[in-house]
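Take a look at the structure below.
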Amino acid sequence: MNVALIGFTGRAGSRILAELLRRGHMVTGVARNVTGVASRPGLEVRAADAKDAAQLAPLLAGHDAAISASTFASSDPNALIAAAKQAGVTRLLVVGGAGTLEVAPGKVLMDTPDFPDAYKPEAVAGRKFLDTLRAEQKLDWTFLSPAAEFAPGTRTGRFRLGGDELLVDANGRSWISMEDFAIALVDELEAPKHSRQRFTVGY
């Protein structure tokens, strides 16, 4: 596929890029600052602001799908949706956050007492992003939330998928490596099972 990957230089984005290239996809990597970023086989690099639909739209045109791996603070769901529609890209996959996952009926992780204050601004922006997608009537979107602990690690290919509830392992830990998250996201790209849905991945 021809895939536009917004935020490809970030921690999650770089792992998603590696997974896409590993599987033979052609990628247009989009980031605000691409100075010093070397191209490589299968990758074309372009600079754009993720909050600027006018900048994004021509870069998304001609792609089978777009993936947003930008932080919520540095992106705008309305601009992204508008750019995708203007470009004729019907499929959008978004790297989500864990803050909006349910830990009990009607209660999400970001509203629990122990949720770190430092993460709240990004989590609030993530909730707005997800709400905006859920109100979208035309675009085929998917929002993949990682487990609570989301960091670089090992690519194992072994993980579980869930819906709107936070996944925890047998020891009560909620975690996923960025490498395995990338596998789950590219699996969804290649064989869609969560059209117009949010889902989650964890060990």
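The values are calculated or read from the model by the stated rules, or taken from the named source; none is laboratory data. Treat the numbers as computed from the prediction; the structure is a model and nothing was measured. Reconstructed Cβ throughout: ideal geometry from the backbone, glycine too, with neighbour counts over all protein chains shown. Note: areas computed on protein heavy atoms with side chains; ligands, DNA, RNA excluded. Shrake-Rupley method; radii C 1.70, N 1.55, O 1.52, S 1.80 Å.
Probing with 1.4 Å while keeping every protein chain in the model, the per residue accessible area of the chain equals 47 Å². Around the amide H of Val94, modelled in the peptide plane, lie the amide H atoms of Ser68, Thr142, Phe143, Leu144, all under 5 Å away and 5 or more residues distant in sequence or on another chain. Annotation: peptides 156-162, 13-19, 70-76, ranked by per-residue average of other Cβ atoms within 10 Å with the highest first, follow the order 13-19, 70-76, 156-162. Among residues other than Glu179 with Cβ under 14 Å from its Cβ, the summed charge is +2 (Lys and Arg +1, Asp and Glu -1). Heavy-atom accessible area with a 1.4 Å probe sorts Asp187, Asp169, largest first, into Asp187, Asp169. Taking only the C-alpha atoms of region 95-174, Rg followed by Dmax gives 13.4, 41 Å. Among Glu122, Glu149, Glu190, the largest mean-square fluctuation in a Gaussian network model of the chain (Cα springs under 10 Å) belongs to Glu190. Which of the lysines could a cross-linker span from Lys193 if the Cα-Cα distance has to be under 20 Å and same-chain partners fewer than 8 positions apart are dropped? Partners within reach: Lys138. Considering the chain at the alpha-carbon level, its Rg and Dmax are found to be 16.0, 47 Å.
Mean residue ellipticity at 222 nm, helices only, the chain: -9000 deg cm²/dmol; runs of at least 4 DSSP H residues each add -39,500 (n - 2.57), and the sum is divided by the number of residues. Each 5 Å bin, from zero up to the one with the longest distance, holds this percent of the alpha carbon pairs of region 48-142: 3, 14, 24, 22, 16, 10, 7, 4, 1, 0.
Largest GNM mean-square fluctuation among Phe150, Phe181, Phe115, using the chain with Cα springs under 10 Å: Phe115.
Each other residue within a Cβ distance under 13 Å of Asp114 adds +1 if Lys or Arg and -1 if Asp or Glu, for a net charge of 0.
Antiparallel as a % of all DSSP beta bridges within the chain, to the nearest 5? The antiparallel proportion sits near 15 percent.
Measuring nothing but how far apart in sequence close Cα pairs (under 8 Å, 6+ apart) lie, relative to its length, region 86-141 scores a relative contact order of 43 percent.
Using C-alpha pairs under 8 Å with a sequence gap of at least 6, the mean separation divided by the residue count of the chain gives a relative contact order of 19 percent.
Report in % the part of the accessible area of the chain that belongs to carbon and sulfur, leaving out ligands and nucleic acids; probe 1.4 Å. Within the chain, the accessible surface is 51 percent carbon and sulfur. Once the chain from Met1 to Lys120 is taken as fully extended at 0.36 nm per residue, the excess over their C-alpha distance is 39.3 nm. With all pairs of different C-alpha atoms in the average, the Kirkwood value for the hydrodynamic radius of region 158-201 is 11.2 Å.
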